[in-house]
Amino acid sequence: MPNVTMTINGREMSTEVENRTLLSTALREGLKLTGTHIGCDTSQCGACVVHVDGVAVKSCSMLAVEADGATVDTIEGQASPDGSLNVIQQAFQDHHGLQCGFCTPGMVMSASALLKENPKPTEQEVRDYLEGNICRCTGYQGIVNAILAASGQDVAIAAE
Amino acid sequence: MYNFEFSKPETIQDAVEAMKSDGAQALGGGQTLLPTMKQRLASPESLVSLCGVAEMVGVCEDDAGNLSVGGATSHAQVADQAAKSYPALAALAANIGDPAVRNRGTIGGSLANNDPAACYPAAALGSGASIITNTREIAADDYFTGMFETALAEDEIITSVRFPVPQAANYQKFDQPASRFALVGVFVAKYADGVRVAVTGASNGGVFRWSEAEAALGGDFSAAAVSGLGAPSGDMIEDLHGSGAYRAHLVGVLTRRAVEACGG
């Protein structure tokens, strides 16, 4: 079976896969990085979003063999080594950006990709960017507020 | 999904060789093919990934005013790199699927699949683009042969797509909100020698040119010129999202909006 080596959250990691193994499966089952969630497995829901070579992708719609040699960032690499949350994660907690939490890894990874491209997005830009991330609990307002807050914007004003 | 052989060539020549094996299937970004394989609606014996072919990635302009887009260029790259030279094409690419899909999906993959509701076929047909493969050049007018059908041979690879850049162009997409495909999409492009109007999402035959609108706009490039036209005839898609008559009506509405957005 092919062996895939990736630099995941700054550490080189390898795992054996089949050609048909999806990146999401390799991360979760091969490398035990279960923070990346599989919601729909049909590339609709975005719970499995990770960054591959710096851009957001749905890891359930990419083959693990395609990621051989790539730099991959997952939700596990977002907090500091001491466990303190990064600014986006903290904002999700502060602004009630999650209820059940299942979609949150993908939401945080998409938010982080957005803020890298567009550090001060408008509310509409946040909503547009989250088109491929589905949340069934929050109604999105808390998530949008969290991302606006993480970008350093005043949420009360931005939400008007 | 069923297992398969996998290769990731780095040159067009190696990709062409790999495609000669029995049951080989080219893999672009996999945003359609992988979900299809998961449902076992496709089960190729081998996949030839084109994402590692560096010469097939990127956007460049030639002296004749054409924009060439490599077959393995992602939607996000087209949205970024064509923004100055062909804004209507960049805007179309920037509104396909969602951001994560746009980072993987490729123009060659979209055109090779020829989904009847995909956006890129409208841009290619509406621009009179040339589909360039490892063996030949195919005019867009000859390329799209039906729903999910193209003039490509089984082992043929789209290496690039050449778009003549128009004087003005605009794409209007009426989103099907769940799938983010076009319920109907209309691409209007005005060239020195005439106007082209290409419609996606509406017909069971796949993307098509609305010739009555092209003739009317050729004489008078204004929304008023097309407002008197009846709906295009043809075999319209009917499904739970919209009747054939509704789609035909949308074609007229979106064509007028596209012409207005071009300043006509």
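The values are calculated or read from the model by the stated rules, or taken from the named source; none is laboratory data. Owing to the predicted nature of the structure, the values given are computational and were not obtained by experimental measurement. Here the Cβ positions follow ideal geometry from the backbone for every residue, glycine too, while neighbour counts run over all protein chains shown. Just so you know, the surface numbers come from the protein's heavy atoms only, side chains and all, with ligands and any DNA or RNA stripped out. Shrake-Rupley method; radii C 1.70, N 1.55, O 1.52, S 1.80 Å.
Summary table below
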| quantity | calculated |
| --- | --- |
| Rounded accessible area of B:GLU238 (nearest 10 Å², 1.4 Å probe) | 130 |
| In sequence order, calculated HN-Hα J values of segment B:38-54 (Karplus, 6.51, -1.76, 1.60; Hz; x Gly/Pro) | 4, 7, 6, 7, 9, 8, x, 6, 8, 10, 10, 6, 9, 5, x, 8, 4 |
| Peptide A:53-64, shielding by other chains (average Cβ, 10 Å cutoff) | 6 |
| Distance (nanometres) between label positions extended 7 Å along Cα→Cβ at A:THR122 and A:GLU12 | 4.7 |
| Note, ³J(HN,Hα) from phi for segment A:105-119, Karplus 6.51, -1.76, 1.60, rounded to Hz, x at Gly and Pro | x, x, 4, 5, 5, 5, 4, 5, 5, 4, 5, 5, 6, 9, x |
| DSSP loop trypsin sites (Lys or Arg not before Pro) with at most 10 other Cβ within 10 Å: longest gap in chain B | B:85-264 |
| Cα-Cα over 24 Å, subset of A:LYS116/B:LYS38; A:LYS116/B:LYS173; A:LYS58/B:LYS84; A:LYS116/B:LYS84; A:LYS120/B:LYS190; A:LYS32/B:LYS38 | A:LYS116/B:LYS38; A:LYS116/B:LYS173; A:LYS58/B:LYS84; A:LYS120/B:LYS190 |
| Anisotropy class of the protein assembly as shown from Cα gyration tensor, a/c 1.5 cut | oblate |
| Cβ-Cβ FRET estimate between B:ALA215 and B:ALA83, R0 fixed at 25 Å, reported to 0.05 | 0.20 |
| Derived scalar couplings ³J(HN,Hα) [segment B:222-233; Karplus, 6.51 cos²θ - 1.76 cosθ + 1.60; whole Hz; x for Gly, Pro] | 8, 4, 4, 5, 9, 6, x, 6, x, 5, x, 7 |
| Where labels lie 7 Å past Cα in the beta-carbon direction, separation of B:ASP63 and B:GLU5 in nm | 4.4 |
| Stretchable slack from B:GLU238 to B:GLU149, in nm (0.36 nm times residue separation minus alpha-carbon distance) | 30.1 nm |
| Förster radius 45 Å - calculated FRET efficiency between A:GLN141 and B:ALA139, Cβ distance, rounded to 0.05 | 0.35 |
| Under 23 Å from B:LYS20, Cα to Cα: lysines that are on another chain or at least 8 residues apart | B:LYS8 |
| Principal semi-axes in Å for segment B:1-104 [√(5λ), Cα gyration tensor, largest first] | 28, 18, 9 |
| Interface residues, segment B:1-23 - accessible area loss of 50 Å² or more versus chain alone, probe 1.4 Å | B:MET1, B:ASN3, B:PHE6 |
| Angle between chain B longest axis and helix B:244-261 axis [Cα atoms, degrees, rounded to 10] | 80 |
| Long-range HN-HN contacts of B:ILE157 with modeled amide H, under 5 Å | B:ASN134, B:THR135 |
| Placed amide H near B:GLY29: partners under 5 Å, 5+ positions off or other chain | B:THR106, B:GLY109 |
| Average partner coverage of B:88-101, which counts Cβ from other chains inside 10 Å | 5 |
